[in-house]
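These notes are about the structure you will find just below.
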Amino acid sequence: MRLLQRIALALFAIVATLPNAGAQGVKLGAATYFLAPKDSDAGMPAAPLRTEAMLKRAAPTNQWYSTLVFNPKPEVIYAQPLTFQATRAGFEMALPSKEVVPTERRDVEIRYPHRDSIVIAPVAFEPGQAKLAGAGDWSVQISMANGADDFRATIAHGSPFAYFRLSRGDVRLRLPAPADRIAAEADPRALALRLKGKTYALFGPTGVRWEQTSPTEWVGHLPADGRYLSAAALPDDQPATLALFTAHAYAFIEDTRVDWHYDRAASQVETTFKAITQTMEGPPQTPLLGLYPHQWYGNASVQGRLGPAFDSVRGSIRLLAASDFKTVAPYTGFVPYWPGVTASPRLDQLRDVMKIDVRNARRMMLEEGKGPYWQGKGLQRIVELMNVVEQQGDLATRDELLKKLEGRVEDWFSGDSAKTYFVYDKAIGAVAGYPSEFFFAEQINDHHFTYGYWIRAIAEIALRDPAWAAKQKWGGMVDLLVADIATAGRGRADFPFLRNFDPYEGHSWASGVGLGHEGNNQESSSEAVNAWAGLILWGEVTGDAALRDLGVYLYTSEIQGIQNYWFDIHHIVFAPEYKNVEVSQLFGGAYKHNTWWTDEPRQIKGINLLPITTDSLYLGRDPAYVKRNLDALKSEMDTYAARGVHPSNPPPADIWQDIFAEYRALADPAAALAQWDRWGSFELGDTRTHALHWMLALQDMGTPDLDVLADTPLYSVFRTADGRKTYLAYNAGSAPITVRFSDGKVLTVAPHVLGRSN
């Protein structure tokens, strides 16, 4: 989730905007943001390694290829199934293999490192500095121009090909070891090689002549009218596979686009992936697209059309000969808060913890850290407390908490403080909050995690006080934070397209500058979900249907990514050697059971659960998995204890016990209540009030029934063990709505009301 300073400094120094004591303020409604940091605060990084055309657009940070725009010696790019690295010697390409790496935690990490690469380079000139020359939704163009001479590569997620163009001369291929040429008679345009147990092929234009100049070097003599080639890794060395690749080798991917549609009536998201190609020679042909597990598993529209497959760090990537394909996933909904609990033997206990939490609310709003991440967590923490207080009928205390929340937001948004404020950097196209923590400004880290808390919290404030949240007052600043993490427009100068989200891999990335030899990373997948839920709620509250639909797409897609790559609920992704129940850190080329700050097992597990809120019901999709995941804690803690780890500042013996109880309640509320300790520790984005109310509400309503959908964005359905269902729907509009559930239930909900029916 958050990169440690010692790791960052060991990799490279970020060139940052110099601090400016006279930072210029810009009014946005009642709020103020600045165009440069104040005093000695660090600025955001420069992103100079872009072509002139790309410099006119906001820098694409937090992507799988973002290392290109920041690092003169860019890190490995994990496109899957292939890996690439731009070097002064040329453009490296490799097909990685699985490595099982034992750790000091006495488990293993799974890695697919960039190794034994082939190097493709022009003969007539030396490659220049790699620069980002173009960016599609899941493809990039990389220029390695040297003066007037250009050497350009196009790569794409899932593609087994890389596509090259040269301004002049021939092309050289350097190998890490001698290789055998295979199928030389199949097609004179193709150079197919068996290299260290893997198969590669290069495809030149008609008239190309392949010459072996040494045991580890080949030269492709290109015709004057055909300065291009494609290079591919093949999943096997069968003649039929080489013939398949040859047939599609000349459909060069030029651009890629993802489009989404939220079908409200069916409560599902349809996503269309389309590659725009240019046929370099021969009859028009489609490209070969590699589909990830979340794209092919259970997708009836591609069954029977899939070809050979690659093993990868994301599981099996299966080839589809097509320019486009679609996926459909259910949107399972959520409501902003749950109704009050009226009949429980623990009501007195709930009242007691409410009094304690309300009394400590101001302190708990910022209990650790001073920057925007911890403040965002604190805001949402008190919002969740406010929700319970309100639904339990104490409206006067609700109003007190609301006033405290609004005051704290105003303190940050007003720009009056020398320490807590926001900066918009026009040069890179990003907003950073200060004081910077976890390299939030210096490396553009964790923006979706951080701003997700703010957006979700302020959306719930707006449910109660829409005038305060109007654009001409404080809502305009929320829109700016939304734009920072979720601008849907492409090619804009102010913000990049979907800063944190990777449309093809189906999940987000946390590192802004792409540090690390294992590629970009994301730790707290649950905090990403929280961000997209915030977009949905803010869109509904403000009447912005396009933003709401974008939020539904991101929320639904992120959950699909989590279920596959963090939890592997279908058992089709994790390597058999990986014995942990879940992944806690996902990298471009690896997955691990660890955190950035500790290897203590409870925090490793909990970071992909928190914050537990009403949008966390996806965690209960498989009750058996919930129990298995939690039951694994005992053996993990036993292993940790056997290692004899003695941190200087040990965490509480029951750290985050509230998070684990809430998580268990999604499968078994009674067992959750039995394990929860009223006076035990609690996570600093949670309260005892919220935890107890959560469990009591689930004990009353039942566990999530995610198979029942509804034709409104804000809804939830629960089912008890005896089959009784509870239906919830929230109406953020100004007129009554009739909600139709997929099992036939109909519920009419008045404006600004949480409707409930059994």
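The values are calculated or read from the model by the stated rules, or taken from the named source; none is laboratory data. Just so it is clear, the model here is predicted, and its values are computed rather than measured. Cβ coordinates were reconstructed from backbone atoms using ideal geometry, including for glycine residues, and neighbour counts include every protein chain displayed. Surface areas here come from the heavy atoms of the whole protein model, side chains and all, with no ligands, DNA or RNA. Shrake-Rupley method; radii C 1.70, N 1.55, O 1.52, S 1.80 Å.
Overview of results
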{"item": "MRE, 222 nm, helices only [DSSP H, n ≥ 4, -39500 (n - 2.57), over the chain, to nearest 500]", "result": "-8500 deg cm²/dmol"}
{"item": "Within the stretch 434-526, trypsin sites (Lys or Arg not before Pro) in DSSP loop having at most 15 other beta-carbon neighbours inside 10 Å", "result": "Arg490, Arg492"}
{"item": "Stokes-Einstein D (µm²/s) once Rh is taken as the Kirkwood radius of the stretch 603-720 over alpha-carbon pairs, at 20 °C in 1.002 mPa s", "result": "141 µm²/s"}
{"item": "Karplus-derived HN-Hα couplings along the stretch 606-615 (A = 6.51, B = -1.76, C = 1.60, θ = phi - 60°), whole Hz, x at Gly and Pro", "result": "x, 5, 9, 10, 7, x, 7, 9, 5, 8"}
{"item": "³J(HN,Hα), Karplus 6.51/-1.76/1.60, whole Hz, each residue of the stretch 113-127, x for Gly, Pro", "result": "x, 6, 8, 6, 7, 8, 10, 10, 8, x, 8, 6, 7, 7, x"}
{"item": "Stokes-Einstein D for the stretch 409-483, Kirkwood Rh over Cα pairs, 25 °C, 0.890 mPa s (µm²/s)", "result": "189 µm²/s"}
{"item": "Convex hull of Cα atoms in the stretch 158-277, direction-averaged projection (nm²)", "result": "9.6 nm²"}
{"item": "Using a Förster distance of 56 Å, the FRET efficiency for Ala186-Ala488 (Cβ separation, nearest 0.05)", "result": "0.80"}
{"item": "Using a Förster distance of 41 Å, the FRET efficiency for Thr639-Asp743 (Cβ separation, nearest 0.05)", "result": "0.40"}
{"item": "Centre separation in Å (Cα based) which lies between the stretch 75-133 and the stretch 459-528", "result": "29 Å"}
{"item": "Peptide ranges 27-36, 315-324 listed from the most packed, as the mean C-beta count within 10 angstrom indicates", "result": "315-324, 27-36"}
{"item": "Relative contact order computed over the chain (Cα-Cα under 8 Å; 6+ residues apart), in percent", "result": "14 percent"}
{"item": "Two-site FRET efficiency, Glu368 against Lys426, from Cβ-Cβ distance with R₀ of 35 Å, rounded to 0.05", "result": "0.60"}
{"item": "Proximal charge balance of Ala467 [Cβ under 13 Å; K/R count +1, D/E count -1]", "result": "+1"}
{"item": "Gained length - Ala470 relative to Arg678, 0.36 nm times residue gap less alpha-carbon distance", "result": "71.0 nm"}
{"item": "Burial order of peptide ranges 506-516, 736-746, 690-700 (average beta-carbon count within 10 Å, highest first)", "result": "506-516, 690-700, 736-746"}
{"item": "Hull shadow area, averaged, the stretch 95-186 [alpha-carbon convex hull, nm²]", "result": "9.5 nm²"}
{"item": "q = 0.11, 0.14 Å⁻¹, the stretch 354-504: log10 I(q)/I(0) [Debye, one scatterer per Cα]", "result": "-0.44, -0.69"}
{"item": "Protein accessible area in the chain, 1.4 Å probe - carbon and sulfur %", "result": "51 percent"}
{"item": "Glu367 accessible area, 1.4 Å probe, all protein chains in place, Å² to nearest 10", "result": "80 Å²"}
{"item": "Kirkwood Rh, Cα atoms: Rg over Rh of the stretch 274-428", "result": "1.24"}
{"item": "Unsatisfied cross-links (Cα-Cα over 22 Å) in the set Lys98/Lys131; Lys326/Lys605; Lys370/Lys404", "result": "Lys98/Lys131; Lys326/Lys605"}
{"item": "Qualifying chymotrypsin sites (Phe, Trp or Tyr not before Pro) in the stretch 274-345, DSSP loop, other Cβ atoms within 10 Å at most 15", "result": "none"}
{"item": "Charge sum, other residues only, whose C-beta stays under 15 Å from Pro188's C-beta, Lys/Arg counted +1 and Asp/Glu -1", "result": "-1"}
{"item": "Cα pair distances of the stretch 479-570 binned at 10 Å [whole percent]", "result": "16, 47, 31, 6, 0"}
{"item": "Hydrodynamic radius by Kirkwood, which averages 1/r over all alpha carbon pairs of the chain, in angstrom", "result": "27.1 Å"}
{"item": "Where a label projected 7 Å from the Cα of Ala343 along Cα→Cβ would reach, residues of the stretch 726-758 with amide N under 19 Å", "result": "726-728, 756-758"}
{"item": "Stretch gain in nm, segment Arg88-Lys403, where the contour uses 0.36 nm per residue and the Cα spacing is subtracted", "result": "107.6 nm"}
{"item": "Percent RCO, i.e. relative contact order, over the stretch 201-345, from Cα pairs under 8 Å lying at least 6 residues apart", "result": "19 percent"}
{"item": "The stretch 563-661: chymotrypsin sites (Phe, Trp or Tyr not before Pro) in DSSP loop, at most 14 other beta carbons within 10 Å", "result": "Trp597"}
{"item": "Spatially proximal lysines relative to Lys403 (Cα-Cα < 19 Å; intrachain offsets below 8 disregarded)", "result": "Lys355, Lys377, Lys471, Lys473"}
